[in-house]
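Have a look at the structure below before the remarks.
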Amino acid sequence: MPTEPPPCAWAFPPADAAGEADLVAVGADLAPGTLLAAYRGGFFPMPVEGLPDVAWFSPDPRGVVPLDTFRAGRSLRRSARRFTVTADRAFGTVVEGCADPRRPGGWITPEIGAAYARLHRLGWAHSIEVWDAAGALAGGLYGVEIGGLFAAESKFHVATDASKVALVALVERLRAAGAADRLLDVQWTTPHLRTLGARDLPRADYLARLPAALGAPPAFG
């Protein structure tokens with residue numbers, strides 16, 4: 001079971017306090033207790049250029065991947081046969097891959113990486129690794145799991161389809177754990193994520209579903 005860290009020393013506002021704005025709060029820190037309180041309240045952190053402090057987002061709408069309707073296409077299933085998938089075997093390396101500064105739109109700072117490494121050591125953050133036939137890391141993803149909420153933070157690939165295979169493996173793991181209330185949160189939907197089944201969920205609906213998801217059993221352990 002994950003280890004509960006010292007409680008958050010900060011008070012978060014309601015996740016809808018900023019109206020239609022996605023950016024709701026600025027400040028606090030990246031301590032494990034703060035991060036867990038944020039996810040439990042519907043937030044996630046992301047650096048914003050020009051802001052010296054941590055920015056906390058609660059998008060409206062929120063991107064989610066419905067587990068009951070997700071389907072991997074035939075070509076992706078064929079591609080998956082080229083890889084081996086593991087979980088929590090190389091968390092730090094996956095985060096490094098996601099944080100590669102050569103990637104466009106990179107946002108994972110050393111401070112963000114260290115914060116999630118601390119959560120991983122406590123049992124709250126997890127990775128899916130995708131390995132090629134030569135045993136090299138071809139892609140992966142990482143995120144935070146609290147009960148039945150899995151908040152996917154980032155993914156990467158160095159081989160075609162590897163990050164997609166990681167998402168397929170994550171969905172399969174979450175499905176296998178059962179619980180109709182489970183939530184796979186991907187923050188914002190992008191055209192790429194839409195091709196993999198992501199859809200927009202109004203923030204009010206996300207926040208309404210969040211307590212039940214938090215109370216569901218975790219899929220990692």
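Relative contact order for segment 63-214: what percent, with Cα pairs under 8 Å and sequence separation of 6 or more?
Worked out over segment 63-214, it gives 31 percent.
For the chain, modelled as a Gaussian network with Cα springs under 10 Å, which listed residue fluctuates most, P52, P66, P202?
Judging by the Gaussian network model, the answer is P52.
Calculated from DSSP H runs of 4 or more alone, at -39500 (n - 2.57) each and per residue, what is the 222 nm mean residue ellipticity of the chain, nearest 500?
-9000 deg cm²/dmol
Grab the Cα-Cα distance for R77 and E49, subtract it from 0.36 nm times how many residues apart they are, and report the gain in nm with one decimal.
6.2 nm
Quick check: convex hull over the Cα atoms of segment 166-215, volume per residue in Å³, rounded to an integer?
Roughly 81 Å³ of hull volume per residue.
Let me check against my output: what whole-number percent is the relative contact order of segment 1-143, with C-alpha pairs under 8 Å and at least 6 apart?
23
Provide the gained length on full extension for the span T3 to R194, in nm with one decimal, where the gain is 0.36 nm per separating residue minus the Cα-Cα distance.
Length gained between T3 and R194: 65.3 nm.
What residue among H192, H157, H120 has the largest mean-square fluctuation in a Gaussian network model of the chain, using Cα springs under 10 Å?
The residue with the greatest mean-square fluctuation here is H192.
Test of understanding: in a Gaussian network model of the chain with alpha carbons linked when under 10 Å, which of T160, T84, T189 would top the mean-square fluctuation ranking?
Looking only at T160, T84, T189, the largest GNM fluctuation is found for T160.
Every number in this text was worked out from the coordinates using simple rules, so none of it is lab data. Just so it is clear, the model here is predicted, and its values are computed rather than measured.
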